[in-house]
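Data first, discussion second: the structure below is written as structure tokens.
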Amino acid sequence: MNNLRVAGALALTCVVVTLLGWSVAESRDAAQRATTGDFHDAHFHLTNYIQEGADIHDVVRIMGGRVGRSTLFGIPLQQQWSYANSGDFAPTYYLQSDAPLYYYSFTDAYIASVYRSLNAQDQARFDPMITGFNPADMYGVDHIRRVLRTFPGVFTGIGEFSIHKEFVSSKVSGETASLINPALDRILDFAAEAGLVVILHNDIDMPFAKTDAEPVYLAQMKALLRRHPKASIIWAHIGLGRIVHPVRVSAEAAERSPSHNQIVEAMVTDPTLSHVHFDISWDEVAKYAVATPETTSRVAAMLNRYPDRFLFGTDTVAPPAPAPYFAVYEMWQPVWRLLTPEASQKVRIGNYERLFNEGRARVRAWERANVKR
Ligand SMILES: [Zn+2]
């Protein structure tokens, strides 16, 4: 009897292992089939600030053969339509109203549901991300854990979520997020434990910062990153924004104050920050990069020197058609032309696969160990 039970258990284990092995190999194949094309998109919003957006099946059509894989997230914040503020005008963007933004956690269930509406081959092209948590809430981390338990097999990471973001952070209702809030440390501790890839938006500086001034959030940001050496963290937009411009240094101060390029170079050569990558997404960032022939060659030189540390992303929001979606990639053409084949491949495709494949595998392993099915 005992022997029979053991034999039965062994047979069952073999079936489960075979099934698991098959599905892992199958999704790896599908992911590999999707590696052709111009780029993988490390920063893509399916929905906007009022939680509306493109149909995922239309997005797959827009990606076509040009985009192999893509991150998939909404926006964690909802712009309130306050009748008292804008009357019949319905704001769709945070700059269109003085009313607050609030965390809209349903976004994660929505993203999981649209991901599950895809066939297996298309699913393999996406890395869904959890965003609907409040990083100023000590319970924020519990939301992330709950999403993984509710939708196992779906998510690869967390973000893009924001701590300091021009015009946005000050509009979020409730406590203002901060890099020194232990609620954020709890979130990054868990990201490290579960293997979740983190996409973090944090402006390096205040808007309209003065020339030669030390960027206000840089020290806190580096301290935060150093407190979480086991988390895989992508600093979105290299810390830049629409009006948070690259750090400016006058000729007189160049000896003592580092420029934006020097700040980034110091970080990518710092062994305590080797777990940190930078995404070069957003058309606002592309504008800085290709502003002049000098900026273009400076940026290209940085990518050529440190090709393992940067990822391209569009940061498009709910694109309605191919033209607006691919516009950001086209803006980068002057830089693409100056890259070595190795740097070009890594920034557009290779680094995405390295980080997100590892994230996927680690999160699936965490789920196997922690989610009862
Ligand atoms: Zn974004």
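Readers should treat all values here as calculations from the given coordinates under stated rules, not as data from a laboratory. Note that the structure is predicted; figures quoted are calculated from it, not measured. Don't worry about glycine lacking a Cβ; one is built from the backbone with ideal geometry, like all the others, and counts go over all protein chains shown.
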### Query
Which residue, chosen from GLN123, PRO100, VAL141, occupies the Cα position most advanced towards the positive end of the dipole of the range 91-219, where the dipole is computed from +1 (Lys, Arg) and -1 (Asp, Glu) charges on Cβ about the Cα centre?
GLN123
### Task
Give the total of Lys-Lys pairs in the chain with Cα-Cα distances below 26 Å; include a pair only if its members are 8 or more places apart or on different chains.
15
### Task
Collect residues whose amide H, placed 1.01 Å from N in the peptide plane, falls under 5 Å from the amide H of ALA209; neighbours closer than 5 in sequence don't count.
HIS245
### Task
Report, in deg cm²/dmol and to the nearest 500, the calculated mean residue ellipticity at 222 nm for the chain, where each DSSP H run with n ≥ 4 adds -39500 (n - 2.57) and the sum is divided by the residue count.
-13000 deg cm²/dmol
### Task
For the range 237-273 and the range 117-134, write down the distance between their C-alpha centroids in whole Å.
34 Å
### Query
Between MET331 and ALA223, 0.36 nm times their residue separation minus their Cα-Cα distance comes to what?
35.6 nm
### Query
Taking H as built 1.01 Å from N, whose amide H comes closer than 5 Å to the amide H of LEU72, not counting residues under 5 places away?
ASP127, MET129
### Query
To the nearest 20 debye, what charge dipole does the range 171-276 have about its Cα centre, counting +1 at the Cβ of each Lys and Arg and -1 at the Cβ of each Asp and Glu?
180 debye
### Query
For labels at ALA321 and ALA361 in the simple 7 Å Cα→Cβ model, what's the distance in nm?
4.2 nm
### Task
Can you tell me the dipole magnitude for the range 301-357 around its Cα centre, using point charges on the Cβ only (Lys, Arg +1; Asp, Glu -1), in Debye to the nearest 20?
160 debye
### Message
Could you work out how much longer the chain between ARG66 and GLU265 gets when fully extended? Use 0.36 nm per residue separation minus the Cα distance between them, nm to one decimal.
### Response
68.6 nm
### Message
Give me a comma-separated list of calculated 3J(HN,Hα) values for the range 162-170, in order, Karplus coefficients 6.51, -1.76, 1.60 applied at θ = phi - 60°, integers in Hz, x for any Gly or Pro.
### Response
10, 9, 9, 9, 3, 6, 9, 4, 6
### Query
So if we plug the beta-carbon distance of VAL371 and THR211 into 1/(1 + (r/R0)^6) with R0 = 56 Å, what FRET efficiency do we get, rounded to 0.05?
0.60
### Query
Once the piece of chain linking ARG149 and PHE89 is laid out straight, how much longer is it, given 0.36 nm per residue of separation minus the C-alpha distance between them?
17.7 nm
